[in-house]
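Throughout, read-outs are computed from the coordinates displayed, never taken from laboratory work. If you're wondering where the values come from, they're calculated on a predicted model, not measured in any experiment. Cβ placement follows ideal geometry from the backbone for every residue including glycine, while neighbour counts extend to all protein chains displayed.
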Amino acid sequence: MIRKIPALLLALGIHMLFAQYYVDGKQHEVIQKGFPKRNALKYRYFYNKKECRDYIREVFAKSWYAKENLLKLPLLSHCDSQENLENTFVKLVMEKKLEVTLDCPIEMPATIKPRYVQKEIVLPKPPPVPEPKGECLDFKIVVEVAGNKINDGQRLSLSEDNKGRQSLQNPQAVAGEPSKHRSLVSFKKIPEEPRSVFLQVAMKGEPPLRLKLLDTATPVDEKQEKECWEHILVPLKPLGYITDALRRDQADLLPDEGWVYVFWKGKLWRELKVIKGLSFRDVRVEYYRHQRHGQLIKVNGDLRPALGMQLNTIWVPYKLNGELQQAANGVYLLFSMTQWSWDKISEFENDSAKLQQAATSVEQLTSYEQGQHFDHPTGAVGPIATALTHQVKTEEEQDLDEQAIPRISKHPKLLDRQRNTKIPAVYLKAIDKRLIMHFETDCHAPIDRNDLFELRAHDGSWQHASKPTLKTSEAVDGTQKQWIELIFHDVPEGQKLNLQQTSRVECETPFIIIKDKTYKELRRPAKTTSS
């Protein structure tokens, strides 16, 4: 019914909203936008103007009445030539104001064609590029540690490499060596770049203590092996001479709560507190050194707690980068019953002659490379295998007081676990120079009186203050007597000494209790009663 009305309009010569024509026996229609298409016809889509123009030219060539029918469409009726009709048709179809339908078995999709065909550009083949090689990790840094079964908390670490990687290693025994005289710390699978080497010790409640050994250690090929490496450390077991004879058979464990000072290259390197004569705890020396000279934060540098992990030995450098650590670069050890002030430390750091005279040198360690042992019959360095096993009595020979210098009867057994490690014992001067003095208290003195007692050298070169301790003893008549005990450590010999008592009460004048007495004179048993 819908198609009958357009046919009638066409018969009356009225403009139509569609035009029909046949091409190759197939029906085509051109309809204005909005006019319904026949259900049997399919839309013909055009990708571009050229395709649309080719279509209309083909229509004009194959259908003689197509032009006449197209001119009856209102949108094309004004065209006065075939060229004008062609251009307007293409324009309106591309603007979708006219639509083309035709009789075909399937709906024709839009055909995508390239706007232009680009000629293929043939580029020359680039030269072959070798595949990137992975990082070469065929190198190692080896540090030799004298002795075997060395594992007491001291480890070695390297500085970061160019990728921020760090390394931390324990010493490991060397397999296949019958002498078993050494262990090795091997940092394997590292790049070929110099690294710094540190001795690392765990600290209680603090980050690890890192003591620099080397600024630059050059890696070697991972397959390389040596009978003796360029970097060697030696673990030491400090013991103490207890008489002026400086004999090993008159030695003992170091006194508990004492201090070991290790100087390297003329500077204090390690400060360790003695724990029960067997173990040692490190102090963070450089931290307190910097704080002493700091501008913003001030701490009491003379109160330096030992917070290091308990160690059985003290590692020291023997050879670094092939250079023996001797003479000006040598290692020296000292023992003190009390912790030193920074002023005393500075005295040794500023006077190498004084340091070498007072300290114990470890230059005898050279026997390690020559004979792979430390079996010196005499000297400050000796084997730990026989240490403290042939001790002799000393009272008669040295006029010593066993109560003033207590001996540990079990000392040989305390070293049994380390006798097979083949490490050296080093004997330090630990002669007890204490003065223990007792004074009977004044019965009229206040109980809470806290006077200061100072023992001073006559020339002012040495002084030491003692905190008085009250002691109670039973007198012959059965009454109770109170005594003040004073203990002075590291008293110098050969100097005249004065003992001064200073009251904490204002306006009271200090007075001299003992005047111009030597250490030897004060060691003689005597009782002095204060007034």
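Observations on the model:
- Between residue 192 and residue 265, the C-beta separation translates, for a Förster distance of 25 Å, into a calculated FRET efficiency of about 0.30.
- For residue 91 and residue 222, the difference between the fully extended length at 0.36 nm per residue and the C-alpha to C-alpha distance is 39.1 nm.
- Cα-based equivalent ellipsoid, segment 4-102: semi-axes from gyration tensor eigenvalues, Å: 19, 16, 14
- The alpha carbon convex hull volume per residue for segment 139-429 rounds to 145 Å³.
- Residue ranges 65-75, 219-229 sort as 65-75, 219-229 when ordered by packing (mean number of other C-beta atoms within 10 Å per residue, highest first).
- With a simple spin-label model that places each label point 7 Å from the Cα along the Cα-to-Cβ direction, the separation between residue 518 and residue 82 comes to 14.6 nm.
- Full-stretch length increase - residue 37, residue 390 - with 0.36 nm per residue and alpha-carbon distance subtracted: 114.6 nm
- Stretching residue 324 away from residue 356 to a fully extended chain increases their span by 9.8 nm, per 0.36 nm per residue minus the current alpha-carbon distance.
- The label point for residue 289 and the one for residue 249, both projected 7 Å from the Cα toward the Cβ, are 4.2 nm apart.
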